[in-house]
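Here the structure is laid out as structure tokens; the discussion comes afterwards.
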Amino acid sequence: MEAELRECLKAMPLYDPSDEVFAEANLLKSICIGYNTNRQNPPATIDLEIEGDKCFILHMAIIPVMRRKGVGRVLFGCIEAFCRKRSIKEMIVTPSGVGRQFWPAMGFKPHPGTEVLVKLITIPGN
């Protein structure tokens, strides 16, 4: 899983092969994924957990000077492709800060009666 994520992340501006990528299945049959650059001020970080056919985005941050340059879009696209390949049906996030604008631009829709945003993933052949 880690090699697959690294291959996708190469498209991200400022990607460095020494960047930390963590992808591990645990005993509860969920997958934990983390990405962080190895710099003092990392341009991008993301943490998520996959349980069954759902992906919970726990945290994603892009430093201000790297915003509006496509870093978040590329990072999210990589994670979305990773999920699609594993037949994940939903991506779920509770937005905060500038994420309140980012997630709807990525196709997330409000879940009625909550602050949660959900994106249904179309899986080819289903």
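The table below gives the values:
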item: Difference of contour (0.36 nm per residue) and Cα-Cα distance, I123 to F56; result: 22.4 nm
item: Rough spin-label spacing in nm, given labels placed 7 Å along Cα→Cβ, for T94 and E7; result: 3.5 nm
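The numbers here are math on the coordinates, done by the rules we state, and not lab data. All values derive from a computational prediction rather than experimental measurement. Neighbour counts are summed over all protein chains in view; Cβ atoms, including those assigned to glycine, are modelled from backbone coordinates with ideal geometry.
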